[in-house]
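The values are calculated or read from the model by the stated rules, or taken from the named source; none is laboratory data. If you're wondering where the values come from, they're calculated on a predicted model, not measured in any experiment. Quick reminder, even Gly has a Cβ in these numbers, built from the backbone with ideal geometry, and neighbours come from all protein chains shown. Side chains included, ligands, DNA and RNA excluded: accessible areas come from the protein's heavy atoms. Shrake-Rupley method; radii C 1.70, N 1.55, O 1.52, S 1.80 Å.
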Amino acid sequence: MSVTPAIDTKAAANGSKRKKSLVELLFEGRAFFALIAIVVVFSLMSPNYFTVSNFLIMASHVAIFGLLAIGMLLVILNGGIDLSVGSTLGLAGVVAGFLMQGVVLPQLGVILYPSVWVVVILTCLLGAVVGAVNGVLIAYLRVPAFVATLGVLYVARGIALLMTNGLTYNNLGGRPELGNTGFDWLGFNRLGGIPIGVIVLLVFAVVCHILLTRTAFGRWLYASGGNERAAELSGVPVRRVKITVYVLSGICAAVAGLVLSSQLTSAGPTAGMTYELTAIAAVVIGGAALTGGRGTVIGTMLGAFVIGFLSDGLVIIGVSAYWQTVFTGAVIVTAVLLNSIKYARR
Amino acid sequence: MSALAETGQKGEVVLAARNVAKSYGNVHALKGVNFDIHRGQVTTLFGENGAGKSTLMKILSGVVQPTSGEIVLDGEAIAFASSSQARDRGISIIHQELSLAPNMNVRDNIFMGREIMTATGVDFAEEERQTRLLMEELEEDIDPLTPVEDLRLGQQQIVEIARALSVNSRILIMDEPTSALSASEVDVLFKVIRDLTNRGVSIVYISHHLEEALQITNHAVVLRDGTMTAYAERKDIDLEWIVRHMVGDNFDLGSPPSGYDKGDVALSIEGLTVPDPGGADYSVVDGLSLSVRAGEIVCIYGLMGAGRTELLETVAGRLKPSSGSVKLKGRDVTGQSIAACIRDGLVLVPEDRQRDGLVQTMTVGRNLSLASLGAFTRGLFTSAARELDLVGDAIRKVHIKTDGGAAPIGSLSGGNQQKVVIGKMLATNPEVILLDEPSRGIDIGAKAEVFKLLAERAKQGLAVVYTTSEVGECLSIAHRIIVMRRGRISAEFGPDVTKEQIMAASGEAVHAH
């Protein structure tokens, strides 16, 4: 028994009738306004910031975090966490590099040089497998997501180091006579002036947005993240949903690994260290709740751009890397603070 | 314990509310309530959900301050700024949800936040001694060092009471203390309450369980819409009097729908046995057989632990039986997944709507459509227009009072939330609907609406099975009443059975009224 629901109904009714106040509007679109504020401030401080070329460069940096963040969003919507994405990214880059060097098959006495498309597909498959391992550990073996993905973080990183003995693959260009050129296409080419990496990010974002808003799977995900027991009793295949989000997160990480190693024209086993934290930060800044069930692709994209544009802006105006870390941390804490105010008001 | 020894005349007024009113914005939760709490006696607050009981409790215990009016303690007008001030004056509240830390032991829970300190740290020995004394006072054999999670719910309630007593409470407010207790635990609690009142402690009691409250109370205060509608001594009133004042006029929960032919057997359960989910070596459902025809309403009555919930959850596909079969219209659906059962037309409305029924992060509409996503998905994509139709239809059919499908689920009252859970399952167009305690935690008006709705759907050929732990609810719309006891059917009755017969079959001691 409580009187609060009645009050809430009243407040909700009032809220829908009158126009939203400026404060509420600012609050709802806080990630968007933060992004605008960042752009305005840095544009005033540096003439180089507000240029098309700089935006494109920053956007291709954001592409890496953004791809990870999309996968992370799906996992967080489910009420989980995926700490392994940074390692998966590194492992994917190394495996792609390994495949580009040619696969020696001693039994047959041949060296296979898979074409770039085959490399891309195999790397995505690898990401899916890593994600499936996470998913099975969490959904069927009931290992807490934090622990399962933490373990996979170490294992994936370890495998990447073992594969290269700690070294970096520098030759990813392939050779025309072997028919495996074109790996740099992902990182360097542009379509209509826009870097391929950014286009990949946009495609992933749009697909994921549609997945979340227009498909039954999206509804399953929001429901099982909001209340898994209720979702299960409503006929939602909660375990399948759980495994799927980790698989998708793994694929996102693998694609990010491909884009990054293509941008760098090298694949090192230490690539992507701590990127999982940046991805989580982007999701949180984008307004998602770590408890699951709340969050959007648009918010997450804004969060990724806030982080990317902020840290690149700090570089451009010459702030030291140490201060960058401090600023990023402050932004994350502020975002979480605002989230908790928002959800507490419900 | 000397602290409990009260001076003063038993029966005199210790705490009184004078014209207490409380408004939240434009909402008047309480509109000028007057009543007295007598020393060493039990005063029960009766009222539907939203009648203002919780607000009144919060005012008495200092959690909120009244907008106008005053609280008089021992003849002196007082204003509490916080619940700790009220506690210092001897007023404690035991909330409906227990506020114990399950991982800590009884002693540490009782002294949580006011540990007995010595120069070298917490004096655990002294705390333990006092805890032991308290447990002796309450005649409960609980070791102070037992972790709370190892205690039965009833014992946890006792710990909660011990904690309230350890701060020298003279006035103890109990909000729905029996809602999670078994009948024997209720007996223990009532014994404790009688002991406490004998020692001069005054009790303010709140319960939805009217018959139970009548057994223990000395005074009755009835609230409706924030106003006190009646105030009387126990000897002058009966159940009917309370209900009349609670709901305004005579209320009944309906009668079995008639005037139509029941169909073929829709649900048939044969020899169903379910092992204890906790791994104990007994069966929570033990070779149970039951068949329900289309259009028939069956009520399953039983005490806590009789196996009602496990029976329904097994039939609906959540638990797996160790033997026996479940047939839906003659087709074997034993051990099917929940999703498959829903698709085939066998649905469950779970007991705990917050935990198992609703997704709090989603809107009313999305909760309603959750179980029938397939009905508005074409190819890969969901159709917003079709979903809107389905949600609108459900809101109308189940009579949900809401601003619309886009309203957050938390904005609805308990009764309307329950209707959302039922509406969600009815939206799948089931053949058989199982409802586990559909009336739990909703007020009597909403109860009547839910039962009316079920009766209407039964007339259209739906087979309805519902469980209840309130005898009064058996004698409403059910054509047949099944009594469960220790996983088996102990009796089966028609609608003309008496409450006493049902209670006797359930193994419940029949209290003299």
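Listed values, structure above:
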{"quantity": "At 1.306 mPa s and 10 °C, Stokes D of the stretch A:115-272 from Kirkwood alpha-carbon radius, µm² per second", "calculated": "91 µm²/s"}
{"quantity": "Beta bridges by DSSP in chain B, antiparallel share as percent, to the nearest 5", "calculated": "60 percent"}
{"quantity": "Rough spin-label spacing in nm, given labels placed 7 Å along Cα→Cβ, for B:S337 and B:Q96", "calculated": "3.5 nm"}
{"quantity": "Number of partner chain Cβ atoms within 10 Å, mean per residue of B:404-410", "calculated": "3"}
{"quantity": "Rounded to 10°, Cα long-axis angle of helix A:116-139 versus longest principal axis of chain A", "calculated": "50 degrees"}
{"quantity": "Equivalent ellipsoid semi-axes, chain B, via Cα gyration tensor eigenvalues times 5, rooted, Å", "calculated": "42, 27, 23"}
{"quantity": "Shielding by partners, peptide A:218-225 (average Cβ within 10 angstrom, other chains)", "calculated": "4"}
{"quantity": "C-alpha long axis of helix B:444-459 to longest principal axis of chain B, angle in °", "calculated": "10 degrees"}
{"quantity": "Debye, to nearest 20: dipole size of chain B, +1 on Lys, Arg Cβ, -1 on Asp, Glu Cβ", "calculated": "1640 debye"}
{"quantity": "Under the Karplus curve 6.51 cos²θ - 1.76 cosθ + 1.60, θ = phi - 60°, whole-Hz ³J(HN,Hα) for the stretch B:154-159, x wherever Gly or Pro sits", "calculated": "x, 5, 4, 4, 5, 4"}
{"quantity": "0 to 90° range, to nearest 10: angle between helix A:145-164 axis and chain A longest Cα axis", "calculated": "20 degrees"}
{"quantity": "√(5λ) per eigenvalue of the Cα gyration tensor, the stretch A:44-345, largest first, Å", "calculated": "31, 26, 17"}
{"quantity": "Under 17 Å from B:K499, Cα to Cα: aspartates and glutamates that are on another chain or at least 8 residues apart", "calculated": "B:E211, B:E212, B:D238, B:E240, B:D252, B:E470, B:E473, B:E508"}
{"quantity": "Residues with amide H under 5 Å from that of B:N218, placed H, sequence gap 5 or more", "calculated": "B:V42, B:T43, B:T44"}
{"quantity": "Virtual spin-label span in nm between B:A125 and A:V129, 7 Å along Cα→Cβ", "calculated": "6.4 nm"}
{"quantity": "Placed amide H near B:R488: partners under 5 Å, 5+ positions off or other chain", "calculated": "B:D286"}
{"quantity": "Span from the the stretch A:62-99 Cα centroid across to the the stretch B:103-136 one, whole angstrom", "calculated": "50 Å"}
{"quantity": "B:A384-B:Q360 FRET efficiency (beta carbon distance; Förster radius 25 Å; 0.05 resolution)", "calculated": "0.65"}
{"quantity": "Distance from the stretch B:285-328 to the stretch B:184-203 (C-alpha centre basis), Å", "calculated": "36 Å"}
{"quantity": "Charge dipole of the stretch B:359-429 about the Cα centre (unit charges at C-beta), most positive-ward option of B:M425, B:G404, B:A385", "calculated": "B:M425"}
{"quantity": "Inter-part distance where the stretch B:142-183 and the stretch A:173-250 are each reduced to a Cα centre, Å", "calculated": "51 Å"}
{"quantity": "Positive-end residue, the stretch A:44-345 charge dipole about Cα centroid, Cβ charges, pick of A:G303, A:L172, A:L125", "calculated": "A:G303"}
{"quantity": "Rg(Cα) / (2.2 N^0.38 Å) computed for the stretch B:359-429, rounded to two decimals", "calculated": "1.01"}
{"quantity": "R0 of 25 Å, Cβ-Cβ distance B:Y282-B:D143: FRET efficiency to nearest 0.05", "calculated": "0.45"}
{"quantity": "Simple Cβ-charge dipole of the stretch B:12-247, Lys/Arg +1 and Asp/Glu -1, about Cα centre, in debye nearest 20", "calculated": "940 debye"}
{"quantity": "Residue-averaged beta-carbon neighbours from other chains (10 angstrom radius) around B:339-348", "calculated": "2"}
{"quantity": "Cβ-Cβ FRET estimate between A:Q101 and A:T291, R0 fixed at 51 Å, reported to 0.05", "calculated": "0.70"}
{"quantity": "Helical contribution to [θ] at 222 nm, DSSP H n ≥ 4, -39,500 (n - 2.57), averaged over chain B, rounded to 500", "calculated": "-9000 deg cm²/dmol"}
{"quantity": "³J(HN,Hα), Karplus 6.51/-1.76/1.60, whole Hz, each residue of the stretch A:201-214, x for Gly, Pro", "calculated": "4, 4, 4, 4, 5, 5, 4, 5, 4, 5, 4, 6, 9, 10"}
{"quantity": "Dipole of the protein assembly as shown, positive end: most advanced residue of A:T88, B:L151, B:L475 [Cβ charges, Cα centre]", "calculated": "A:T88"}
{"quantity": "Under the Karplus curve 6.51 cos²θ - 1.76 cosθ + 1.60, θ = phi - 60°, whole-Hz ³J(HN,Hα) for the stretch B:184-195, x wherever Gly or Pro sits", "calculated": "6, 5, 4, 4, 4, 4, 5, 5, 4, 4, 5, 4"}
{"quantity": "Given B:K327/B:K447; B:K191/B:K235; B:K58/B:K419; B:K31/B:K53; B:K397/B:K447; B:K262/B:K452, the pairs whose alpha carbons are separated by over 23 Å", "calculated": "B:K327/B:K447; B:K58/B:K419"}
{"quantity": "Residue-span extension gain [B:S289 to B:R152] - 0.36 nm each, minus C-alpha spacing", "calculated": "46.3 nm"}
{"quantity": "Normalised convex hull volume, the protein assembly as shown, alpha-carbon set, Å³ per residue", "calculated": "223 Å³"}
{"quantity": "Heavy-atom accessible area order for B:K447, B:K329, B:K31, B:K235, largest first, 1.4 Å probe", "calculated": "B:K235, B:K329, B:K31, B:K447"}
{"quantity": "Over chain A, relative contact order from alpha-carbon pairs under 8 Å, at least 6 apart, %", "calculated": "32 percent"}
{"quantity": "Cα-centre dipole for the protein assembly as shown with unit charges at Cβ (Lys and Arg positive, Asp and Glu negative), debye to 20", "calculated": "3060 debye"}
{"quantity": "Largest-first principal axis extents, alpha carbons of the stretch A:264-346, Å", "calculated": "46, 28, 18"}
{"quantity": "Net charge contributed by nearby residues that have their C-beta within less than 14 Å of B:E437 (K/R +1, D/E -1)", "calculated": "-3"}
{"quantity": "Pairs of alpha carbons in the stretch A:207-270 whose separation is greater than 17 Å (percent)", "calculated": "52 percent"}
{"quantity": "Approximate shape of the stretch A:40-198 as ellipsoid semi-axes (Cα gyration tensor, √5λ), whole Å, largest first", "calculated": "30, 27, 13"}
